[in-house]
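The values are calculated or read from the model by the stated rules, or taken from the named source; none is laboratory data. From a predicted model like this one, the values you see are computed outputs, not experimental measurements. Neighbour counts run over all protein chains shown; Cβ positions are idealised from the backbone, glycine included.
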Amino acid sequence: MNWLLIFIPIAVVLEHAWPQAHTWIFFAACVAIVPIARLILEATEHIVSRPGDAVGGYARKGQIALRDDKASSAPAPAEKRR
């Protein structure tokens, strides 16, 4: 999946060489984000695993807070009528 990193310079070159090609620039940037997100995830997991529970708990707390926000934005189930 790291081969998708080639789309970073492609997006930059497209933006400077052909600025009116918005669709191609957007496509290249979107594809370039995929391996970057994976690298960020791996780096975060690596950081959490090294220092132990004290610091790792703080890093995971942010991930749990994000999950809780997504869960709270979901509509509440309707009450059953009798």
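Points worth noting:
- Just one residue in the set Glu15, Glu42 is modelled with pLDDT of 80 or more and surrounded by 12 or more Cβ atoms within 10 Å (Cβ to Cβ); that residue is Glu15.
- When Pro77 is tested against (1) surrounded by fewer than 11 Cβ atoms within 10 Å (Cβ to Cβ); (2) at pLDDT 90 or above, just one condition goes unmet, and that condition is (2).
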